[in-house]
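Presented below is the structure to which this report refers.
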Amino acid sequence: MRVLAALDKFRGTATAKEACSAVGHACWELGFDCDEAPLADGGEGTLDVLGGPNRTSWVTGPLGDTVEAAWRLSRDVAVIEMARASGLQLVGSAEKNDPVAASTTGTGELIDQALDAGAKKIIVCLGGSATTDGGYGAVRAIHAPARLKAVEFIVACDVTTHFTDAARVFGPQKGAKPTQVELLTGRLERLRQIYVEQFGVDVGGIEGAGAAGGLAGGLAALGAQLVPGFDVVADEIGLDERVERCDIVITGEGFLDEQSFAGKVVGGMQGLAESKHKRFGAIVGDADVSVDFPIANLTGLYGLDEATMKTRTSIERAAMNLLQRLTA
């Protein structure tokens, strides 16, 4: 019996790697082989899933301070997680953020450095941004952006928000007040026109261009291909072939809700497992009880105190119960 452990992070309590390791230990206890495949949906944590950082650079943080951002360059493939250069966690919280001034300049500087280092493929992972600058800071920070035409340029995003809707949808969670949301929306509308004039690309009609406060749109204007984050990770780690080789697929994440089936890991793994007729189950930390989830084999770590829970032990126990059910 071969099991594929393909889980996302349990935010705040277990990384994707730790969660997969817990399932792997349950498989060992039951005498099953396990292929551990930590996953992410293109947001925070994706860099770690794709091999982890092996370089650091000093770049411009979201509010102008210099920050040290980790990124990866291996075999001519660069992986950049925008949150490490332009993320909300770098300013502390939404209350400490300046949503109007926050810029993606540092992310552009990392892309520029990847080009200087000879990258042939650049993956930019979105999520956790402090910014709603439409990617203008990043665009201006890339010297000779025509160089991007010679590389495979991919933006991993996990939302379908349109460019000019970014401020309305994401601005408040970055600290923007209603008047600031209106100001930022006007700025995005003007940037849409600027990108048409400068690059001949209308980002307004591109699905997902509003990701990371419009950074996705700004990079799309430079020729980037916007791809669902789950698909980017799946392609990079050969997930399709790994599902093909297993008998059972176990996935999971910290919180299950409707969004889990709209480009996120759990929904993506369910679709992949079902397409290959594999037995499938999911482990979640908690779930939105108002949603009727389309998963027959679902188990959770409900009611546990996050401050004291032994997440790895809980995931291992849940995995053993789930596997016994799937092999009964």
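The values are calculated or read from the model by the stated rules, or taken from the named source; none is laboratory data. What you are looking at is a predicted structure, and each value in this text was computed from that prediction instead of being measured. Heads up, the Cβs are rebuilt from the backbone with ideal geometry, glycines too, and the neighbour counts pull from every protein chain shown.
Tell me whether the stretch 113-121 contains one or more residues that are more than 16 Å from Gln225 (Cβ to Cβ), in the same structural domain as Ala176 (by TED's automatic domain parsing) and in contact with an Asp or Glu (Cβ under 6 Å, 6 or more places away or on another chain). No, because not a single residue in the stretch 113-121 is more than 16 Å from Gln225 (Cβ to Cβ), in the same structural domain as Ala176 (by TED's automatic domain parsing) and in contact with an Asp or Glu (Cβ under 6 Å, 6 or more places away or on another chain).
Cys125 meets each of the listed conditions (1) in contact with a Pro (Cβ under 8 Å, 6 or more places away or on another chain); (2) modelled with pLDDT of 95 or more; (3) not small (Gly, Ala, Ser) apart from (1).
Look at the stretch 248-266 and say how many of its residues are surrounded by fewer than 22 Cβ atoms within 10 Å (Cβ to Cβ), farther than 20 Å from Ser21 by Cα and not charged (D, E, K, R). Final tally of qualifying residues: 4. Which is in contact (Cβ under 8 Å) with a residue 12 or more places away in the chain and surrounded by fewer than 17 Cβ atoms within 10 Å (Cβ to Cβ), of Gly52, Gly61, Gly24? The match here is Gly52. For the stretch 230-251, which residues satisfy the criterion of being more than 16 Å from Gly43 (Cβ to Cβ) and among the charged types (D, E, K, R)? Once the filter is applied, which keeps residues that are more than 16 Å from Gly43 (Cβ to Cβ) and among the charged types (D, E, K, R), the stretch 230-251 yields Asp235, Asp240, Glu241, Arg242, Glu244, Arg245, Asp247. Taking the listed residues Ile250, Ile295, the one that is touching a helix residue (DSSP H, G or I) at 6+ places or on another chain (Cβ under 7 Å), assigned to a loop (DSSP other than H, G, I, E, B) and more than 20 Å from Cys157 (Cβ to Cβ) is Ile295, with no other qualifying.
Restricting attention to the stretch 163-172, report how many residues are surrounded by fewer than 20 Cβ atoms within 10 Å (Cβ to Cβ) and within 22 Å of Ile206 (Cβ to Cβ). Final tally of qualifying residues: 3. Scanning the stretch 150-165 for residues that are in a helix (DSSP H, G or I) and closer than 22 Å to Asp231 by Cα yields one hit, Phe163.
Residues checked against (1) at pLDDT below 95; (2) at negative phi; (3) crowded, with 19+ Cβ neighbours inside 10 Å:
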position: Arg2; (1), (2), (3): no, yes, no
position: Phe10; (1), (2), (3): yes, yes, yes
position: Leu30; (1), (2), (3): no, yes, no
position: Ala40; (1), (2), (3): yes, yes, yes
position: Asp76; (1), (2), (3): no, no, no
position: Val91; (1), (2), (3): no, yes, yes
position: Lys96; (1), (2), (3): no, yes, no
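Only one of the numbered conditions (1) of a type in the set (A, V, I, L, M); (2) over 21 Å from the mean Cα position of the chain (by Cα); (3) in a helix (DSSP H, G or I) is not met by Ile111, and that is (2). Restricting the search to the stretch 59-85, which residues are within 19 Å of Asp48 (Cβ to Cβ), β-branched (Val, Ile, Thr) and touching a Phe, Trp or Tyr at 6+ places or on another chain (Cβ under 9 Å)? Val67, Val79, Ile80, listed by residue number. One residue stands out among those in the stretch 311-328 that are under 25 Å from the mean Cα position of the chain (by Cα) and charged (D, E, K, R): the one that is modelled with the lowest pLDDT, which is Arg312. Count of the stretch 222-256 residues, restricted to those that are farther than 13 Å from Leu39 by Cα, among the charged types (D, E, K, R) and touching a Phe, Trp or Tyr at 6+ places or on another chain (Cβ under 9 Å), is 1. Quick test for you: out of Ala130, Ala156, Ala141, Ala150, pick the one residue that is closer than 22 Å to Ser93 by Cα and either at pLDDT 95 or above or surrounded by 17 or more Cβ atoms within 10 Å (Cβ to Cβ) (or both). Within the list Ala130, Ala156, Ala141, Ala150, the selection yields Ala130. When you go through Glu68, Glu81 one by one, which is the residue that is crowded, with 23+ Cβ neighbours inside 10 Å and of a type in the set (D, E, K, R)? Going through Glu68, Glu81 in turn, just one is crowded, with 23+ Cβ neighbours inside 10 Å and of a type in the set (D, E, K, R): Glu81. Checking each residue in the stretch 231-244 for being surrounded by fewer than 14 Cβ atoms within 10 Å (Cβ to Cβ) and in a loop (DSSP other than H, G, I, E, B) picks out only Gly238. For the stretch 171-216, filtering for residues that are farther than 18 Å from Leu63 by Cα, in a helix (DSSP H, G or I) and in contact with a strand residue (DSSP E or B) (Cβ under 8 Å, 6 or more places away or on another chain) leaves 2.
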